[in-house]
Amino acid sequence: MVERSPVLNMVCHAILIAGALMVCVPLYFAFVAGSLTVAEVQKVPLPWLPGGQFFDNLQLAWSKGNFSRTFANSIIVALGITAGKIAVSLLSAFAITYFRFRYRMLAFWLIFMSLMLPIEVRIVPTFEAVANAALPLQWLLETLHIADLWGWISGHEVAIALEWNMVNTYPGLILPLIASATATFLFRQFFLTIPEELCEAARLDGASPLHFFWSILLPLSVPNMVALAIILFLFGWNQYLWPLLFTTDKDMATAVIALKGLIPRSDSEPAWNIAMSGALLTMLPPVLVVLLLQRWFIKGLVDSSK
Amino acid sequence: MGRKVAFIAALFGALALAGPAQARVEVQWWHAMSGVLGDRLNELVEKFNTSQDKYRVVAVAKGNYDEVTNGVIAAYRAKRPPEMVQIAERGYMTMLLSGALVPVQDLVEQKGYKIDFSDFIKPVASFWSYKGRMSAMPFNSSTPIFWYNKDHFQKAGFDKPADTWQELEKQLYAIKSKGISECGTVLPGDFYWSLLENYSAINNQPYGTLANGFDGLGTEFVYNKTKVVSQVARLKKWLDDGVMQIAGQGFSPEQLFTSGRCSTFVNSTASHGNIERNATISWSATFLPHESDINPPLNSTIGGGAIWVMKGHTPERYEAVAAFLDFVAQPETQVWWHGATGYVPATNRAYALARERGYYKDHPTREIAVLQLSRGTPNENSRGFRFGNFVQTMLAQRQEVEAVFAGQKQPQQAMDDAVKRGNEILRQFEKLNAGKTPETERP
Amino acid sequence: MTLRLSIPWRDARAPMLLRRHGGGGSEAVPAATAGSSRRSGKTRRREEAGLKRANFGDGPGLPTLLLLPQLLILLFFFFIPSLRALMQSVLLSDPFGNNVQFVWFDNFKALLASSDYRQSIAVTFWFTVAQNVLTLGSALVLAFATDRIVRGRSAYRTIILLPYAIAPAIAGILWAFLFNPAVGPLAQLLHHFGIAWDPNLNPTDALILVTLAASWKHICYDYIFLVVGLLAVPVSLMEAAAVDGAGPIRRFVSIALPMLGPTIFFLTVMNFIYGFFETFAIIDAVTKGGPAGATNILVYKVFVDGFVNLDLGSSAAQSVLLMSFALLCTLLQFRYFDRKVNYGV
């Protein structure tokens, strides 16, 4: 603090309180609506104070949203995205920063191109591709007339149908969301800051590249990994469009998609109270992550060396 | 040419040979029914499965109509389509010319079932058939009817809603001005279907050239030159005067009616189940109104879905499909489905059966849709709609109507623009399908 | 969301890296290390950009193995789909793929000629600009306030960070509910003050509503970067300015803000990307692109044309245009930052 200025401090507090209120008002009303009965929630105007149905509604939302199943799905998907992305990114960052090989720059640019292209942009072709990811191979087989060839050799008429249908599967929900380069670049940047002496020393000791990776790079990367993991977990948990398109089986839906099913539509009663309880439930895990791991979350971003 | 060996190799090593024939032949049916309707559909399938022991139909709910369509397209492209799929009426031309289907009438006749296709009620039959042959099995057919709050009308001194738009307007304004309800009617979510398309049919207005597309792909929209323009202007006026409300996201039009907030509501006859369950008011229903200078009004047209049969399956599976379709067409099945859901019976025989049993004495409003659909002789304005990319043209039209509601455009301008955009979309469909005739080959 | 992770890191770590390297130069300039290795490269033989000086040499076997998972995933879920989009964009095809015509650039021509697409571009532009101004403006004010106070700082920060954890879909649902003209409490409040609020009918109201919801969800992101950036402004500089008689706001504007320049530029790009691509769920939950196409942003249109209208050619053409745009953004930002870094060191 450079100087004292009580008035300005008051103003600053007022600004921050206003900001905090802005964040809290929608959440507060979600809570209020979530604590009312169906009849009360339809009243105009909506009561400003909560009612007594909060826990009943939570329970009902939990069962209606199939949350015991969909929460598990969301956790699997979010953790899968987190672990998968960190793993492939670490490996490829290691490869492009610590090895000299002919197509290094090519690999770099291939990965680089995917940097800012979220799945939403190429949603239709991705859906098609992943609905049957084996289709390219199938084309290859058809172009090469392998079936005919085999039929000619064996005397049987053969139909080869390659199928790798990932609709309603965990890989189908996870893998397409791993396909972007962001984390790779992050680790690349980090590796570039690591003192050259470490690698030189490791080489002098005769350590293999993988040993160096495992015993030196990886431990050094832990703070970055943790911080990144938090952000990726939130990213995975909060996915909407992809699971919306890619799960047709209710048992494979994620929590956010299950919540969408709780939102009143034309052919159901306007149970906004249940929908809001469901919304609170669905946002609870990521909010807890931010609250409890906030130190890591900000630490990773801000001051890992302070 | 030798034995045909088919094998499917999953990429991760699992190799499955087509196993020995199962005890029952199993076929899949992807559908779009949710909630109460979904439960009823499952009951229907269960009835079929227990009625015989050779076949088993597996009903798979794949979300709403759009999601089912996308699912089936993806599955077809991945060469794993289901045997049967339920597609909404608006997708008729896309399905018909897709080259991915087996025509239903050909299939059941080839398999030796004798379904009397001439017995289907006319708007249903003409909608789902091409050149007199049924392309898909009519399954859930509905039509919009006029729902109203009995108390509101009585309080305002009316027996029931008037037959004409002109008189109805006076009634709704009276109800509002007497303070009986703050909202005379609520704009239905699918107003393009009930208040523009069906409006055109009932009031004998052409919607497109070439008999609304029945006579060829060269059809063009013409509703910018008909009473549709004044209909849009009327809706806009009601909206401005507070006689009509829009429910908006998260609050359905039906709720505004069933909670007693709005006095009337134009909606599908299929909402009988929901309205019976949710309404806290004393309600009834009647025919859609018509213009005072159009007398007699023509029939309305259908909405809903039909069962399409996908190509690429084995003969024994098609046996199962044909058996199921035959089951669906039975008058008994039709009557049961009609009573369970509110959809109309698709055949005259089923309708007669329901009447005979006195069903409509207890449920008078359930008969309205059938009567409205089958009144008079359908002409080229009321037979139905045969437009390619009909979802896309509809969304463009809805956008233009919303521009009127928002006060951005005059009704005439908006309908001109909607027709222009719609015709571009139709030309694209024509270009793609030029010279194509639908599937006629046998499975 | 994916996108956010890339450069922020580089930026946010600026203080740390500089300190670790003995920290010369302006601290607010994001320090990427590509620069530092390049610098040292002048003294070395065969130095390659982005390669450690101490590396494991030339064998192509191991790095290939290491890169394989990433490249395979990119191949299946990025390159093949992108290639398909490119192919599909010059085709006219029925959704089942049985009837396909090659139409050159007709899909693109039709798009550029269509008033609908132009409207969508305009809507996207206004939406992203408004969202950007609102988000960055609020975040700056909040960050300034946070920087000034000591007591309660972490409590405020915690609360303001919360929306980061909330799914855009949920944020959309909350706001749609609050401002629903029939039941929403805040809509009631507006009506109470005589404002005829109706986002179902009025395009401007709808655009305001989605902008508010989108900004609400994103302010926390800009905020945390600005708070971090302000921490990096040297106290000595501020003190010197204070001695010269500059007040707190003056100092913020004339010293802190210029130093935050790169961060603000970076945040602006990220806000645009967020508005362009990541607000799909908000639009879907709040307005579904309506009324009268008033909130039909480009990404939403890609989805509707592809999955509802089944107009695959047009949808693919739109995807290609969007992808080119995103690629352009990436390159611009990358170039800009690289240059910045070179100036910085």
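The values are calculated or read from the model by the stated rules, or taken from the named source; none is laboratory data. Keep in mind it's a predicted model, so treat the numbers as computed, not measured. Heads up, the Cβs are rebuilt from the backbone with ideal geometry, glycines too, and the neighbour counts pull from every protein chain shown. Please note that ligands, DNA and RNA were not included when accessible areas were found on the heavy atoms of the full protein model with its side chains. Shrake-Rupley method; radii C 1.70, N 1.55, O 1.52, S 1.80 Å.
Annotations
- Average silhouette area of the protein assembly as shown, convex hull of alpha-carbon atoms, in square nanometres: 47.2 nm²
- Ranked order, C:220, A:24 - accessible area, probe 1.4 Å, largest first: A:24, C:220
- Rounded to the nearest 20 debye, dipole of region B:67-179 from Cβ charges on Lys, Arg, Asp, Glu: 260 debye
- Computed about the Cα centre, the dipole magnitude for region C:106-344 is approximately 600 debye when only Lys and Arg (+1) and Asp and Glu (-1) carry charge, each at its Cβ.
- Mean residue ellipticity at 222 nm, helices only, chain B: -12500 deg cm²/dmol; runs of at least 4 DSSP H residues each add -39,500 (n - 2.57), and the sum is divided by the number of residues.
- Convex hull volume per residue in cubic angstrom - Cα atoms of region A:39-99: 146 Å³
- Percent of beta bridges antiparallel (DSSP, chain B, rounded to nearest 5): 65 percent
- Chains A and B together bury some 2500 Å² of accessible area, summed over both sides, with a 1.4 Å probe.
- Seen from residue C:190, the other residues with C-beta closer than 10 Å to its C-beta sum to a net charge of -2, counting Lys and Arg as +1 and Asp and Glu as -1.
- In this structure, the amide hydrogen of residue B:285, modeled 1.01 Å from its nitrogen in the peptide plane, lies closer than 5 angstrom to those of B:148, counting only residues at least 5 positions away or on a different chain.
- Label-reachable residues, region B:111-131, where backbone N falls under 17 Å from a point 7 Å from residue B:352's Cα toward its Cβ: B:115-122
- Modelled this way, with points 7 Å down the Cα-to-C-beta line, the labels at residue A:109 and residue A:249 are 4.2 nm from one another.
- Pairwise FRET efficiency - residue C:158 versus residue B:294, Cβ, R0 = 51 Å, nearest 0.05: 0.15
- Cβ-Cβ distance of residue C:192 and residue A:72, R₀ of 51 Å, FRET efficiency by 1/(1 + (r/R0)^6): the value works out to about 0.70.
- Solvent-accessible area buried by pairing A with C, both sides, nearest 100 square angstrom, 1.4 angstrom probe: 11900 Å²
- Within the accessible area of the protein assembly as shown, the carbon and sulfur atoms contribute 61%, probe 1.4 Å, all protein chains present.
- Between helix B:411-433 and chain B: long-axis angle, C-alpha atoms, 0 to 90°, nearest 10: 10 degrees
- With a 1.4 Å probe rolled over the protein heavy atoms of all chains, the accessible area of C:133, B:68 falls in the order C:133, B:68, largest first.
- Only beta bridges with both residues in the protein assembly as shown are counted; by DSSP, about 60 percent of them are antiparallel.
- Prolate/oblate/rounded label for region C:106-344 (Cα gyration tensor, a/c 1.5): oblate
- Residues whose amide H comes within less than 5 Å of that of residue B:102, counting only those at least five positions distant or on another chain, are B:309, B:310, B:311 (H built at 1.01 Å from N in the peptide plane).
- Gyration tensor verdict on region A:1-125 (Cα atoms; rounded if a/c is under 1.5, prolate if a/b is larger than b/c, oblate otherwise): oblate
- Principal-axis tilt of helix B:365-374 within chain B, Cα atoms, nearest 10 degrees: 80 degrees
- Accessible area ranking (1.4 Å probe, heavy atoms, ligands and nucleic acids excluded), largest first, for B:291, B:424: B:424, B:291.
- For the protein assembly as shown, with +1 on Lys and Arg beta carbons and -1 on Asp and Glu, the positive-most of B:202, A:209, A:22 along the dipole: A:209
- Per-residue SASA entry for residue B:380, accessible area with 1.4 Å probe, Å² rounded to 10: 100 Å²
- Nearest 10 degrees, 0 to 90: helix B:65-77 Cα axis against chain B principal axis: 30 degrees
- Residue B:134 long-range amide H proximity, modeled H, under 5 Å: B:105
- Net length available on complete extension from residue B:233 to residue B:166 is 22.8 nm, with 0.36 nm assigned per residue and the Cα-Cα distance removed.
- Computed accessible area, residue C:254, all protein chains, 1.4 angstrom probe, square angstrom: 60 Å²
- Alpha-carbon centroid distance for the pair region A:72-101 / region B:313-388, whole angstrom: 56 Å
- For chain B: rounded, prolate or oblate by the Cα gyration tensor [a/c cutoff 1.5]: prolate
- Nearest-10 value in Å² for the accessible area of residue A:211, using the 1.4 Å probe: 100 Å²
- Gain upon complete extension [residue B:214, residue B:360; 0.36 nm per residue less C-alpha separation]: 49.2 nm
- Solvent-accessible area buried by pairing B with C, both sides, nearest 100 square angstrom, 1.4 angstrom probe: 3000 Å²
- Pairs spanning more than 18 Å between alpha-carbon atoms, out of B:155/B:237; B:225/C:301; B:170/B:236; B:122/B:160; A:64/A:260: B:155/B:237; B:225/C:301; B:122/B:160.
- If R0 equals 60 Å, the separation of the Cβ atoms of residue C:235 and residue B:177 corresponds to a calculated FRET efficiency of about 0.25.
- For the protein assembly as shown, the solvent-accessible area of protein heavy atoms averages 38 Å² per residue (probe radius 1.4 Å; ligands and nucleic acids excluded).
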